[in-house]
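Here's the structure, in structure tokens; my notes come after.
The values are calculated or read from the model by the stated rules, or taken from the named source; none is laboratory data. From a predicted model like this one, the values you see are computed outputs, not experimental measurements. Neighbour counts are summed over all protein chains in view; Cβ atoms, including those assigned to glycine, are modelled from backbone coordinates with ideal geometry.
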Amino acid sequence: MRSVHDHLQACLAAVGQLPPLAVQLPDAVGCILAEDVRAPSDLPVTDLAALDGYAVRSGDVAAADRGPVRLRVMDELRAGDTDLVHLVDGAAVRLASGAPLPVGADAVVPLEATDQGLAVVTVLRAVVARENVRPRAVDVRSGDVVLAAGERVGARQEALLAAVGRARVSVHPKPRVVIVSVGDELLEPGRPAEAGQVYDANGHALATGVQDAGAVAFRVSAVPDRRPELRELLEDQLVRADLLITTGGLSANDTVRDVVGPMGAVRFDNVAIEPGRRFGVGHVGEEPTTPVFCLPGDPLAVQVAHEAFVRPALRAMAGYTDLFRPSVPADATVGWDSPAGARQFVPVRILGSPAGGYRCEPVGEVGAGTLSSLAHANALAVVPEDVTRVAPGDRVTCLILDA
């Protein structure tokens with residue numbers, strides 16, 4: 001019997017981190033940077049008006065608090081103008097927000113503090129030097145590392161990359177994951193089910209979980225529990241897979257083992273986890289080989305396996321350093337039994353707060369293995385292998401699913 005820890009380490013060793021890839025800026029969203037991004041120039045590259053108004057020498061309007069000051073308007077500038085304008089004494093330049101500050105100006109008078117004149121402007125209050133000015137390099141200095149390798153690219157990071165002019169960036173790409181459900185009994189939702197048929201919950205759950213982990217899912221329609229068809233399908237899918245996941249076909253007939261085993265080097269073990277039992281991990285196909293995870297067919301066991309093994313592996317492939325869900329200690333509100341020698345994962349609801357402490361209560365009957373219990377849970381209580389009974393009030397580590 002293989003421990004949960006050992007099987008997780010085998011999964012992480014099977015995948016490894018995907019090599020860096022230079023991608024267009026839109027394709028970097030959701031990826032982890034594989035390079036330090038440096039600014040090629042200052043941002044902004046010159047002093048800019050922080051609002052609509054008039055560029056002035058602050059000394060020319062120092063008396064405006066005691067009475068109106070009139071200045072000649074010598075020019076007008078808008079955001080993006082590149083003409084070099086020199087401000088002379090006793091004059092002003094009308095500016096739009098974001099326009100470059102003229103040479104010689106050191107402040108901007110807001111429009112509302114003037115009569116908004118076009119040829120001559122009357123200034124109604126004084127401004128001090130640098131007031132309403134966005135200084136050169138206030139955001140980024142040339143040569144600064146604006147984003148470090150290891151950071152995830154989201155909307156805010158995408159804005160900064162675009163602002164410093166990067167059209168391409170080196171990232172760890174999102175893993176491409178092919179998901180294959182195996183079983184004669186499996187039916188696609190939306191079609192009427194006959195006796196003995198069940199809907200393919202696992203394929204849909206895994207595809208969603210894979211996407212939630214930051215990878216790209218390719219879900220294949222359920223394949224019958226027949227060896228030739230399964231092998232042909234798996235071989236066809238290898239070309240687009242960074243990781244291949246099968247679910248089902250690990251019962252006494254061992255369809256998946258008989259098919260996947262000859263395709264490469266795959267180890268199958270009973271793992272000391274509840275729910276779940278039989279798992280496979282290894283590589284298939286020609287060099288470079290493709291990692292494969294073989295999961296059981298029980299729907300609750302599959303989702304627990306995703307949290308315990310698949311999700312951490314996907315995040316490692318994508319360059320994340322934080323591989324695991326956040327966890328909190330919580331006191332059990334009721335007691336339950338746990339199998340000896342197995343790490344148990346129980347769907348629970350977390351109640352309480354950081355200040356007052358957390359409590360966890362099982363959803364549904366513990367050990368029943370129902371999908372509805374997990375659907376209404378927000379965490380998984382993790383019971384160690386050497387614990388056979390959780391008593392009310394016992395402290396349990398809980399993985400937060402809705403983080």
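Kindly check whether there is at least one residue in segment 288-299 that is at positive phi, in a loop (DSSP other than H, G, I, E, B) and at pLDDT below 95. Walk me through it before giving the result.
Here is the first cut: in segment 288-299, the ones at positive phi are none.
No, there is no match, as no residue in segment 288-299 is at positive phi, in a loop (DSSP other than H, G, I, E, B) and at pLDDT below 95.
Identify all residues within segment 102-115 that are in a loop (DSSP other than H, G, I, E, B) and among the small types (Gly, Ala, Ser); write none if there are none.
Step one: filter segment 102-115 for residues in a loop (DSSP other than H, G, I, E, B), giving 102, 104-106, 115.
If the condition is that a residue be in a loop (DSSP other than H, G, I, E, B) and among the small types (Gly, Ala, Ser), then Gly104, Ala105 are the ones that fit.
Please count how many residues of segment 307-357 are in a strand (DSSP E or B) and either more than 30 Å from Pro291 (Cα to Cα) or of a type in the set (D, E, K, R) (or both).
Taking segment 307-357 first, the residues in a strand (DSSP E or B) are 327-332, 336-337, 343-353, 357.
Checking which are either more than 30 Å from Pro291 (Cα to Cα) or of a type in the set (D, E, K, R) (or both) leaves us with 328-332, 336-337, 343, 348-353, 357.
The qualifying residues number 15.
Have a look at Ala119, Ala113 and point out the one that is outside the structural domain of Arg227 (by TED's automatic domain parsing), over 20 Å from the mean Cα position of the chain (by Cα), crowded, with 16+ Cβ neighbours inside 10 Å and over 30 Å from Val37 (Cα atoms).
On the way: Ala119 fails: crowded, with 16+ Cβ neighbours inside 10 Å.
That would be Ala113, the only listed residue that is outside the structural domain of Arg227 (by TED's automatic domain parsing), over 20 Å from the mean Cα position of the chain (by Cα), crowded, with 16+ Cβ neighbours inside 10 Å and over 30 Å from Val37 (Cα atoms).
Would you check if there is a residue in segment 312-328 being out of contact with any strand residue (DSSP E or B) (no Cβ under 6 Å at 6 or more places or on another chain), closer than 30 Å to Ala149 by Cβ and β-branched (Val, Ile, Thr)?
The answer is yes; a qualifying residue exists.
Exactly one of (1) over 45 Å from the mean Cα position of the chain (by Cα); (2) in contact (Cβ under 8 Å) with a residue 24 or more places away in the chain is unmet by Pro102. Its number?
The one condition Pro102 does not meet is (1).
Among the residues of segment 368-386, which ones are crowded, with 16+ Cβ neighbours inside 10 Å and either over 16 Å from His306 (Cα atoms) or of a type in the set (Phe, Trp, Tyr) (or both)?
Within segment 368-386, Ser373, Val383, Glu385 qualify.
Pick out the one residue from Val216, Val180, Val239 that is closer than 30 Å to Arg267 by Cβ, in contact with a Lys or Arg (Cβ under 8 Å, 6 or more places away or on another chain) and either in the same structural domain as Arg311 (by TED's automatic domain parsing) or touching a residue at least 40 places away in the same chain (Cβ under 8 Å) (or both).
Going through Val216, Val180, Val239 in turn, the sole match is Val216.
What tally of residues in segment 297-323 results from selecting those that are in contact with a helix residue (DSSP H, G or I) (Cβ under 6 Å, 6 or more places away or on another chain) and surrounded by fewer than 18 Cβ atoms within 10 Å (Cβ to Cβ)?
1
Out of curiosity, is Ala34 assigned by TED's automatic domain parsing to the domain that holds Leu244 and within 30 Å of Ala215 (Cβ to Cβ)? Even if it seems obvious, please write down each step before you answer.
Details: assigned by TED's automatic domain parsing to the domain that holds Leu244: no; within 30 Å of Ala215 (Cβ to Cβ): yes.
No; evaluated as a whole, the condition is false for this residue.
Regarding segment 356-363, can at least one residue be identified that is surrounded by fewer than 20 Cβ atoms within 10 Å (Cβ to Cβ), at pLDDT below 95 and not basic (Lys, Arg)?
Of the residues in segment 356-363, the ones surrounded by fewer than 20 Cβ atoms within 10 Å (Cβ to Cβ) are 356-359, 361, 363.
Of the ones still in play, those that are also at pLDDT below 95 are 356-357.
With not basic (Lys, Arg) added as a condition, the list becomes 356-357.
Among the residues of segment 356-363, at least one is surrounded by fewer than 20 Cβ atoms within 10 Å (Cβ to Cβ), at pLDDT below 95 and not basic (Lys, Arg), which makes the answer yes.
Looking for something under 29 Å from Val29 (Cβ atoms), assigned to a strand (DSSP E or B), aliphatic (A, V, I, L, M) and touching a residue at least 12 places away in the same chain (Cβ under 8 Å) - is there at least one such residue anywhere in segment 381-403? Don't jump to the end; show me each part of the working.
First, the residues of segment 381-403 that are under 29 Å from Val29 (Cβ atoms): 399-403.
Going one step further and asking which of them are assigned to a strand (DSSP E or B), we end up with 399-400.
Filter once more, keeping what is aliphatic (A, V, I, L, M): 399-400.
Next, from what is left, pick out any that are touching a residue at least 12 places away in the same chain (Cβ under 8 Å): 399-400.
Yes, that holds for at least one residue.
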